[in-house]
Amino acid sequence: MRTRVGILVVMLLAGGMAVAQSNEVVDEILASDSVTFGQAAYMVFLAADEAPDDASVEEVYRDIEWSQWNLKEKSMDDPVRLGEVSYLLMENLGIRGGLMYRMIPGPRYAARELDYLEFLLGNDSPYRAVSGRELLHVIGQALEYTEEDA
């Protein structure tokens, strides 16, 4: 039941974020079995209010400052991994994380932290691909968590 409510919340949030930009982007993400890094960064930065609502996926990707992230620079079309999504979410939404994440912040411990918080739909392997449905679910769970924590 909780998962269904979470997915519904994410769908509504995704629809709300998509008002000023093309619904095609959200539809494309939802239909995808493996989300690209550009799509994931786009949704995370929109959710965190780090990108304007009317920005395109390309504009958001182009504005990423790689030096501030503990990630290897990737092409916009590379498949995103769970650890990368988790790390971007935790850093952009200010989720503190546990002891290991605070000591060694990065994709591996970010994925473990989101698994501990029960945000994930599948296993917590930081190296696995992320589907569009899962991406929006995790973003919705993280937004809900940060609103409750505030």
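Region 65-113: which trypsin sites (Lys or Arg not before Pro) are DSSP loop and have at most 16 other beta-carbon atoms within 10 angstrom?
K72, R96
Full extension from E24 to E59: what is 0.36 nm times the residue separation minus their Cα-Cα distance, to one decimal in nm?
Working it through step by step, the gained length comes to 11.0 nm.
List the chymotrypsin sites (Phe, Trp or Tyr not before Pro) within region 106-136 that DSSP assigns to loop and that have no more than 12 neighbouring Cβ atoms inside 10 Å.
When the chymotrypsin sites (Phe, Trp or Tyr not before Pro) of region 106-136 are filtered for loop state and at most 12 Cβ neighbours within 10 Å, Y127 remain.
How would L99, L30 rank on accessible area, largest to smallest, probe 1.4 Å? Kindly include the intermediate steps, with their values, before the conclusion.
On the way: L99 115, L30 60 Å².
The ranking, largest first, comes out as L99, L30.
The values are calculated or read from the model by the stated rules, or taken from the named source; none is laboratory data. Every value quoted in this text rests on a predicted model; they were computed, and no experiment measured them. All Cβ positions, glycine included, derive from the backbone under ideal geometry; neighbour counts span all protein chains shown. Just so you know, the surface numbers come from the protein's heavy atoms only, side chains and all, with ligands and any DNA or RNA stripped out. Shrake-Rupley method; radii C 1.70, N 1.55, O 1.52, S 1.80 Å.
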